[in-house]
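Asks: Please read through the structure below; I'll follow up with questions.
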Amino acid sequence: MDSAEPSKKLRILLMPFFATSHIGPFTDLAFHLAAARPGVVEATVAVTTANASVVRAALARRGPSASGNIAVEVATYPFPAVDGLPPGVENLSTVAAADAWRIDASAFDEKLLRPAQEGLVRERAPDAIVTDIHFFWNADVAAALGVPCVTFHAIGTFATLAMRHLIAAGVHNAAGGGVATVPGFPSPDIQVPITELPEFLRSQSIIRFPSSDRMISSGKRCLGLAVNTFFDLEHGYCDMYVRNGQVKRAYFVGPLSLPSPPAAASAGGDSHQCIRWLDTKPAQSVVYLCFGSLTHVSEAQLRELALGLEASGKRFLWVVRAETWAPPEGWKERVGGRGMVVTGWAPQTAILEHPAVGAFVTHCGWNSVLETVAAGVPVLTWPMVVEQFITERFVTQVLQIGRRVWPEGAGVRSTRSEEHELVPAAAVAQAVAAFLEPGGPGDTARTRVKELSVKAHAAVGEGGSSHSDLHLLVDDLIEARGLGAETTVQ
């Protein structure tokens, strides 16, 4: 086929939700879309002004190749004025815990947010739009401009479909105790206590969530759905999207964090330090702990966690977001070189890939799940918010690549911090020690996750399922826009 420079490029505008956990995967998708057709695809990530640095940091971690023939740009639009939010606070990772709902509320408010987003779309005049599920109105904007629209899910199919099935089954405003069973799923049965369901399923929220019918209708108007997952990971759930008629086409293009950014192990002083520290430890001897960019852990819980890690007797690398937190008196001296605490950002991909890491205590955020699967590291689960308790069931019951830190029935867990009981130090110590014990449950989980790791790398490799779906997505966007087959470079 003629591979001459096309006369017109495919310009894709990507619009993520206001959270680093969404902006990162959207930026990775932009990079991979542009890399799939160098010189043909130009991708632009559109964010509010204060979030532009998040995109640039994600691109920088991709290394020098991101500035070569792979065209990814950043475009900005103004964040709306929201009562209670100081100027410049536009991301769930930077907002105070008590005000996080204000970010969510603004994201679902079409009257508040659509004018700025639509203004940017019309100004940029893209050939295609990739939108987060929050911004359902972008399907209407795309239709008005006569360009294709694709919805992109930054979380997996299991959790997303579970929430949709619970909504369809009428699990709304579920109060009190009890357990909800996810209907329409293959074995095993997925049961989630009401306290562990996302807030929008539990109560009448002050956030004006769009109706399920409106969001599904929006999805049907789009060309299709792209998901940051790979078929062999969620094969029992991937086909449900198309089979139940919620979308026309589905593209499973993850893990988008692969291939690992070459700069991950060398960016930042703390990064150098923690990687060098890991270099001194035996293989599979360190438990890595990180609760993501959204989670706020109380000082009381941090204390219990610190004492539990001390009592476990195991080596640990712990990322703590609370930069002002101080461990119990004498704790650092007692732990000594057996443990290391990193405040702020840490190079998670490089850490998980390090041979010294034997387990990962995770909040079950989807990005972390994909990264640990890609690295072949088993997990101890500690979910805290939104869909994380549902994803935990996928990790522990379906994939069986880990187990809970706090056993079922040991105490009340909840998506509301005021209901979530304190996980005691003794439970932390017991879980960590048992999981890292040779011949223990961690070894069984490690065998399973290493098999999935091979499949993850195969999926994004030449001819793999995610590689093929990514190229199919580009081809379908080109066809939908009517650019012609001559723009497809072989």
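The values are calculated or read from the model by the stated rules, or taken from the named source; none is laboratory data. Keep in mind it's a predicted model, so treat the numbers as computed, not measured. Note that we place each Cβ from the backbone using ideal geometry, even for glycine, and neighbour counts take in every protein chain shown.
Asks: Could you run through the stretch 134-190 and say how many residues are assigned to a loop (DSSP other than H, G, I, E, B), without any contact (Cβ under 8 Å) to a residue 12 or more places away in the chain and farther than 24 Å from LEU233 by Cα? Reasoning before the result, please.
Replies: Taking the stretch 134-190 as the starting set, the residues that turn out to be assigned to a loop (DSSP other than H, G, I, E, B) are 134-137, 146-148, 154-156, 169-178, 182-190.
Retained after the next criterion (residues that are without any contact (Cβ under 8 Å) to a residue 12 or more places away in the chain): 146, 170, 187, 189.
Now restrict to residues that are farther than 24 Å from LEU233 by Cα: 146, 170.
Residues meeting the conditions: 2.
Asks: Still on this structure, please answer the following. So in the stretch 458-471, with the set limited to residues that are among the hydrophobic types (A, V, I, L, M, F, W, C) and either in contact with a helix residue (DSSP H, G or I) (Cβ under 6 Å, 6 or more places away or on another chain) or within 16 Å of ALA34 (Cβ to Cβ) (or both), which one is surrounded by the most Cβ atoms within 10 Å (Cβ to Cβ)?
Replies: ALA459
Asks: I'm trying to understand the selection: among the residues of the stretch 113-141, which are touching a helix residue (DSSP H, G or I) at 6+ places or on another chain (Cβ under 8 Å) and of a type in the set (Gly, Ala, Ser)?
Replies: The answer is ALA125, ALA128, ALA139.
Asks: Consider ALA98 carefully, then state whether it is surrounded by fewer than 16 Cβ atoms within 10 Å (Cβ to Cβ), out of contact with any Ser or Thr (no Cβ under 8 Å at 6 or more places or on another chain) and part of a helix (DSSP H, G or I).
Replies: Judged against the criteria, ALA98 is a match.
Asks: Test each condition in (1) in contact with a strand residue (DSSP E or B) (Cβ under 6 Å, 6 or more places away or on another chain); (2) buried (at least 16 other Cβ atoms within 10 Å of the Cβ) for PHE136 and report the one that comes out false.
Replies: PHE136 satisfies all of (1) in contact with a strand residue (DSSP E or B) (Cβ under 6 Å, 6 or more places away or on another chain); (2) buried (at least 16 other Cβ atoms within 10 Å of the Cβ) except (1).
Asks: Does the stretch 431-440 hold any residues that are more than 16 Å from ALA356 (Cα to Cα) and either surrounded by 18 or more Cβ atoms within 10 Å (Cβ to Cβ) or not assigned by TED's automatic domain parsing to the domain that holds VAL286 (or both), and which are they?
Replies: Correct list: ALA431 only.
Asks: Just to be sure, is LEU380 hydrophobic (A, V, I, L, M, F, W, C) and more than 16 Å from the chain's Cα centre (by Cα)?
Replies: yes
Asks: Between ALA311, ALA306, ALA326, which is crowded, with 18+ Cβ neighbours inside 10 Å, at pLDDT 90 or above and more than 30 Å from LEU470 (Cα to Cα)?
Replies: Only one candidate qualifies: ALA306.
Asks: Let me ask something else about it. Kindly check whether there is at least one residue in the stretch 408-423 that is surrounded by 16 or more Cβ atoms within 10 Å (Cβ to Cβ), modelled with pLDDT of 95 or more and either within 25 Å of ALA128 (Cα to Cα) or not charged (D, E, K, R) (or both).
Replies: yes
Asks: Here are some conditions: (1) part of a loop (DSSP other than H, G, I, E, B); (2) surrounded by fewer than 21 Cβ atoms within 10 Å (Cβ to Cβ). CYS364 meets all but one. Which one does it not meet?
Replies: Every condition holds for CYS364 apart from (2).
Asks: Now for a separate question. What single numbered condition from (1) within 24 Å of PRO347 (Cα to Cα); (2) at pLDDT below 95; (3) not basic (Lys, Arg) fails to hold for GLN246?
Replies: Exception for GLN246: condition (1).
Asks: Hey, VAL428 hits all of (1) crowded, with 23+ Cβ neighbours inside 10 Å; (2) within 25 Å of ILE155 (Cβ to Cβ) but one; which does it fall short on?
Replies: Evaluating VAL428 over (1) crowded, with 23+ Cβ neighbours inside 10 Å; (2) within 25 Å of ILE155 (Cβ to Cβ) leaves (2) as the failure.
Asks: Among the residues of the stretch 307-330, count how many are touching a residue at least 24 places away in the same chain (Cβ under 8 Å) and in contact with a Gly (Cβ under 9 Å, 6 or more places away or on another chain). Write out each step before concluding.
Replies: Keep residues of the stretch 307-330 that are touching a residue at least 24 places away in the same chain (Cβ under 8 Å), which gives 307-319, 321-322, 325, 327-328.
Next, only the ones that are in contact with a Gly (Cβ under 9 Å, 6 or more places away or on another chain) stay: 309-310, 314-319, 321.
So the answer is 9.
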